[in-house]
Amino acid sequence: MSAADGSLDPAGSPGVITANWEMSAAADPRLRQIHAYWQSRCGDRRMPSRADIDPVDVPALLPFIFLVDVLSDPRDFRFRLTGTHFRDFSGLELTGLRIGEAFPPEFAAEVHHHWSSCVDRGLPAVGSGRLWLPGRDHVGWEGVILPLSPDGASANMLLGGVIFTL
């Protein structure tokens, strides 16, 4: 359930990520642009499909965009594509990795919680926190996660954007 202010209910969540269902909570204008692009591709559906999304449509945003496959039985998430901004700040190439392979356990559990909520609700979310890498916790991040659906009802992929700041 979400709180009256739009923030996500932290129940069952370790608390390393601050998350919100309100896109107006995104401070960085590039994240609002990624959301606006996603919204423009929805048409009359709750969420667009992967086929509706062409990152080349938003070339200035490509470094910040990532795509994630939603896996089932059990639910998991695998990075299909990550922009160069992600690699430049984290030093990691995440393409092809599941979140449990990409992130430390506490952070991976919370990402799983929030991304699962996004999939279950079919709604975008905004999140923020500190970089999960030892010695790099001075780096902040803000991101959006946006569901994609082949049928407009159930999400099978996520479009995301992340901005890292010193």
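Quick one: compute the contact order of the range 18-165, relative version, from alpha carbon pairs under 8 angstrom and 6+ residues apart, as a percent.
Values: 282 pairs, mean separation 44.5, N = 148.
Across the range 18-165, relative contact order equals 30 percent.
As a footprinting exposure proxy, order LEU131, LEU94, LEU148 by other Cβ within 10 Å, with the fewest listed first.
LEU131, LEU94, LEU148
Which is the longest stretch in the chain that no exposed loop site breaks, taking sites as GluC sites (Glu not before Pro) with a DSSP loop state and at most 16 other Cβ atoms within 10 Å?
Result for the longest clean stretch: 94-166.
As I understand it, the dipole of the range 18-165 uses +1 on the Cβ of Lys and Arg and -1 on the Cβ of Asp and Glu, about the Cα centre. Which of LEU94, THR84, ALA108 lies farthest toward its positive end?
THR84
Relative to the compact globular guide of 2.2 N^0.38 Å, what is the alpha carbon radius of gyration of the range 94-162, as a ratio?
Dividing the Cα radius of gyration by 2.2 N^0.38 Å gives 1.17.
Counting Lys and Arg as +1 and Asp and Glu as -1, what is the net charge of the other residues whose Cβ lies under 11 Å from the Cβ of LEU67?
In short, +2.
Work the Kirkwood hydrodynamic radius out for the range 8-166: mean of 1/r over every pair of different alpha-carbon atoms, inverted, in Å. Kindly include the intermediate steps, with their values, before the conclusion.
On the way: mean 1/r = 0.0643 Å⁻¹.
Over the range 8-166, the inverse of the mean reciprocal pair distance is 15.6 Å.
Nearest 500 deg cm²/dmol is fine: what mean residue ellipticity at 222 nm does the chain get from its DSSP H runs of n ≥ 4 alone, each adding -39,500 (n - 2.57), divided by its residue count?
When only DSSP H runs of four or more count, the value is -7500 deg cm²/dmol.
Values quoted throughout were computed directly from the atomic coordinates according to the rules given, and no laboratory measurement underlies them. None of the values given here were measured: they were computed from a predicted structure. Reconstructed Cβ throughout: ideal geometry from the backbone, glycine too, with neighbour counts over all protein chains shown.
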